[in-house]
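The values are calculated or read from the model by the stated rules, or taken from the named source; none is laboratory data. Quick caveat, the model's predicted, so the values are computed rather than measured. Quick reminder, even Gly has a Cβ in these numbers, built from the backbone with ideal geometry, and neighbours come from all protein chains shown. These area figures cover heavy atoms from the full protein model, side chains too; ligands, DNA and RNA do not enter into them. Shrake-Rupley method; radii C 1.70, N 1.55, O 1.52, S 1.80 Å.
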Amino acid sequence: MIGFRNASKDRARRRVRRLGGAGMVLPLAVGALLAAGAGTSAASPGAGPTAVVSMGDSYISGEAGRWKGNSLTNTGNRNGTDRAWVSGNTYDPAKVYGTTAGGCHRSDSAEVISAGPIAEKAVNLACSGATSENVFRASNGGVAFKGEAPQADQLAAVAASHNVKVIALSIGGNDLGFADIIKECAYDFVIWNSYCYDDQQYGVDQKIDAVMANVGKSVDEVRAVMRGAGYADASYRIVLQSYPSPIPRGTENRYTQSDWSRLNTGGCPFWNRDSDWARDSLVPQIAGRLKGVAAAKGVQFLDLRDMMQGREVCAKASKQVSSTVPASAQTSEWARWIDNNETQGLIQESMHPNHFGQLAAGRCLSLAVAQPAASAVSCKNTAGGDQTGMFLTSAP
């Protein structure tokens with residue numbers, strides 16, 4: 001069991017509080033960043049190996065890439081879901097996250113890697129927990145994070161040694177406080193028997209203008225670095241992306257809200273009303289505002305709001321992995337559940353696209369790059385398919 005049906009309120013509060021701590025983040029030294037064996041020799045723009053670069057937060061760094069679906073089995077390879085399994089009950093997250101295990105969590109299936117051969121090298125600068133100020137250049141208000149220089153300053157080194165063609169950016173979620181929103185909504189289900197959507201919507205509305213201004217500044221910082229490295233704006237593209245919903249609508253949840261099954265079995269402790277708000281109000285609101293930033297800055301927009309439709313944690317159209325239901329991109333959930341007892345991995349992996357979700361996000365990026373550089377597209381999945389079934393429509 002992953003829940004706390006018999007726990008006291010105090011114990012429950014302590015466990016859920018972990019969701020908003022340093023571990024639960026929504027949702028990098030340059031030598032460790034060049035994910036696909038990037039070269040070290042200096043090169044002028046266009047002279048080095050071509051590169052696709054990811055920047056931003058956990059939704060693009062590869063957080064939760066350790067997991068192929070969710071399983072209630074807490075031992076061994078957890079029915080094949082745990083890619084960090086070594087043998088017996090021994091696990092090594094570095095098999096998936098490398099030297100960033102327990103920190104930035106750049107997985108081996110992160111979007112920029114799963115996108116495939118859109119460039120010769122894939123460079124992952126994104127870091128789980130990053131905010132906009134961790135993207136800005138240090139000379140313009142940027143702040144180092146987890147022992148690494150601001151991401152824009154790291155980009156300068158990549159731009160000097162590579163021919164950067166695509167920069168994918170996911171940022172703003174931590175500025176808005178995604179982790180706190182998840183924590184409070186879980187509190188309201190597990191402890192307080194109340195809804196979270198009204199208070200949380202008010203908080204988002206108070207923050208969102210300033211957050212979007214910082215997202216815009218992040219784009220400006222990327223442009224400034226690239227111009228400083230001698231790149232013309234038209235020689236590469238920036239893809240600003242939105243966030244997928246990790247939880248389904250209330251009517252699409254396979255567990256009732258009238259008992260503890262959403263917590264103990266499903267790992268999705270949220271009321272229908274709050275789930276509907278997150279899926280149909282919060283996620284679209286953020287996507288709409290990010291689309292506006294992309295249009296204002298003249299960059300491409302990749303809308304991921306529907307990327308995991310039917311593949312969310314607890315979705316009726318997907319299944320948990322078990323001894324009789326194998327891990328599969330066709331049937332398993334594409335997001336990591338909330339394992340509040342920490343019997344499997346770290347809390348910070350919760351509510352992020354898992355290995356299957358990252359394969360899908362990578363496919364979305366590759367499809368988007370084939371579109372005009374200033375387009376606005378939405379990426380969706382084909383029911384019952386894997387990442388190869390992802391397709392684009394015009395962004396709403």
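When every residue of region 383-392 is checked against the conditions, none turns out to be open to solvent by 30 Å² or more (accessible area, probe 1.4 Å), at pLDDT below 95 and more than 13 Å from the chain's Cα centre (by Cα). Taking the condition over 30 Å from GLY141 (Cα atoms), modelled with pLDDT of 95 or more and either over 19 Å from the mean Cα position of the chain (by Cα) or open to solvent by 10 Å² or more (accessible area, probe 1.4 Å) (or both), does ASP233 pass? Judged against the criteria, ASP233 is not a match. Restricting the first member to region 57-79 and to residues that are outside any loop (DSSP other than H, G, I, E, B), and the second to residues that are basic (Lys, Arg), the beta-carbon pairs closer than 9 Å and six or more apart or on different chains are SER61/ARG106; TRP67/ARG78; TRP67/ARG83; TRP67/ARG336; SER71/ARG78. Against the criterion of being more than 16 Å from PRO244 (Cβ to Cβ), in a helix (DSSP H, G or I) and either open to solvent by less than 10 Å² (accessible area, probe 1.4 Å) or among the basic types (Lys, Arg) (or both), ALA287 does not qualify. Looking across region 315-360, the residues that are over 20 Å from LEU304 (Cβ atoms), small (Gly, Ala, Ser) and modelled with pLDDT of 95 or more come down to SER322, SER323, ALA327, SER328.
Here is the figure for region 164-182: residues that are within 17 Å of GLY362 (Cα to Cα) and surrounded by fewer than 24 Cβ atoms within 10 Å (Cβ to Cβ) total 1. Of the residues making up region 133-163, those that are β-branched (Val, Ile, Thr) and surrounded by fewer than 20 Cβ atoms within 10 Å (Cβ to Cβ) number 1. The residues of region 215-234 that are in contact with a helix residue (DSSP H, G or I) (Cβ under 8 Å, 6 or more places away or on another chain) and farther than 18 Å from GLN154 by Cβ, listed by number, are VAL215, GLY216, ASP233.
ALA122 falls short on exactly one of the conditions (1) part of a strand (DSSP E or B); (2) farther than 29 Å from GLY177 by Cα; (3) open to solvent by less than 20 Å² (accessible area, probe 1.4 Å), and that condition is (2).
In this structure, is GLY310 under 15 Å from SER71 (Cα atoms) and part of a loop (DSSP other than H, G, I, E, B)? Against the criterion (under 15 Å from SER71 (Cα atoms) and part of a loop (DSSP other than H, G, I, E, B)), GLY310 does not qualify. Quick one: count up the residues across region 290-300 that are surrounded by fewer than 20 Cβ atoms within 10 Å (Cβ to Cβ) and in contact with a Lys or Arg (Cβ under 7 Å, 6 or more places away or on another chain). The qualifying residues number 0.
Selection of region 80-119 for residues being assigned to a loop (DSSP other than H, G, I, E, B), of a type in the set (Ser, Thr, Tyr) and either under 27 Å from ILE167 (Cβ atoms) or open to solvent by 40 Å² or more (accessible area, probe 1.4 Å) (or both) yields SER107, SER109. For region 46-70, the tally of residues that are modelled with pLDDT of 80 or more, open to solvent by 20 Å² or more (accessible area, probe 1.4 Å) and either within 11 Å of the chain's Cα centre (by Cα) or farther than 20 Å from GLY98 by Cα (or both) stands at 3.
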